[in-house]
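Only one structure is covered here, and it is reproduced in the block below.
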Amino acid sequence: MEHFQVKENQVQTRQQLFGCGGSESHNIPLSDGNQIPLLGLGTYGDPRKTPKGTTVECVKLAIDVGYRHFDGALVYFNEHEVGQAINEKIADGTVRREDIFYCGKLWNTFHPPELVRPALERTLETLKMDYVDLYIVELPLAFKPGNEFYPRDENGKYIYHHTDLCATWEALEACKDAGLVKSLGVSNFNRRQLELLLKKPGLKHKPVSNQIECHPYFTQPKLLEFCRQNDIVVVGYCPLGSSRDASWVNLTCPPLLEDELLVSIGKKYNKSSAQVALRFNVQRGVVVIPKSFSPERIKHNFQIFDFSLTEEEMKAIEALNKNIRFVELLMWSDHPEYPFHEEY
């Protein structure tokens, strides 16, 4: 019965979302009864290039603009700044803690079950928060535990570690039961890895979300459909394509925001190609977390709730799919759990 009610609520929420222009809800339900805002601010920034304090100012601005969802991670090395910004905005009365949705991530070196809770507690301590709203397994790849986030041997080769994803998940379930996190999810999991968790004997809390690369050039139709069938919300990273950083980005994929179709649809609505790309995913029920440290773009990316795309436009954008990833993570493609060898 409960399962049916969630389904019904999701249908109602999608109708509220996409059926009536002005009164659009910015949240969609998760299968555990919690809700997630459809638009979040990604907070990744290269720590070598991002001046100290930038994240604090950008998160505070984003809260003033209307953002309530923030996507962070221990390995972004700026969770202290995200936490500082949120806490300052709570202290000045702009928001309450319950208005904010924070997603943190379990890094690859913390997969052994006994390391899961300490990793989450480290994030909570850094943020100065009692709980996070969503905590996700950042990658299905386990690395050798220790002080190095990217452990390598003397030849510079990454040192992997074998852990059982189901055992890691059970440790996360215990964190939810302890009240340290409201919802549990995963990231970069393929269908097989999701099924491993969904079919786990004695599963207490199913993953409510899967954070994956998702944009008009990589629409993920099969994984999206599998997640929908299992009440798993898809959170799309790189929703505007990606930076052109050759050290980790596939540059054979053309710049998404220069796409003629996105530009021409944008002209019709007096919007940019970026706003059209974000709107496309949101309208499919995919949560988007564009990352930006530019005040103008932070404001700009939020202005996607005052127009909607027609069914024809949605289909035309879906047809742009090139099945090309910007983020391939090829440096870890020899890991036994590398998720992108499989079709989806």
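The values are calculated or read from the model by the stated rules, or taken from the named source; none is laboratory data. Bear in mind that the values here come from a model prediction, so they are computed numbers and not experimental data. Glycine also receives a Cβ, built like all others from the backbone with ideal geometry; neighbour counts cover every protein chain displayed. Heads up: the accessible areas ignore ligands, DNA and RNA and are worked out on the full protein's heavy atoms, side chains in. Shrake-Rupley method; radii C 1.70, N 1.55, O 1.52, S 1.80 Å.
When the trypsin sites (Lys or Arg not before Pro) in the range 158-226 are filtered for DSSP coil states and for at most 15 other beta-carbon atoms within 10 Å of their beta-carbon, the remaining sites are Lys199, Lys204. With a/c under 1.5 counting as rounded, go ahead and sort the range 195-344 into rounded, prolate or oblate using the C-alpha gyration tensor (a ≥ b ≥ c being the square roots of the eigenvalues; past the cut-off, prolate if a/b is larger than b/c, else oblate). Prolate. Antiparallel DSSP bridges in the chain: what percent, to the nearest 5? Restricted to the chain, the bridges split so that about 20 percent are antiparallel. Filter the GluC sites (Glu not before Pro) in the range 42-112 to those in DSSP coil with at most 11 other Cβ atoms within 10 Å of their Cβ, and list the result. Listed in order of number, the matching sites amount to none.
Each label point was placed 7 Å from the Cα along the Cα-to-Cβ direction; for Lys199 and Thr94 their separation is 4.7 nm. Taking each DSSP H run with n ≥ 4 as -39500 (n - 2.57) and averaging over every residue of the chain yields -11000 deg cm²/dmol at 222 nm. Shape class of the chain from the Cα gyration tensor (axes a ≥ b ≥ c, square roots of the eigenvalues): rounded, since a/c falls below 1.5.
When only C-alpha pairs under 8 Å and at least 6 residues apart count, what is the relative contact order of the chain, in percent? Answer for the chain is 18 percent. Taking only protein heavy atoms and a 1.4 Å probe, the accessible area of the chain is 51% carbon and sulfur.
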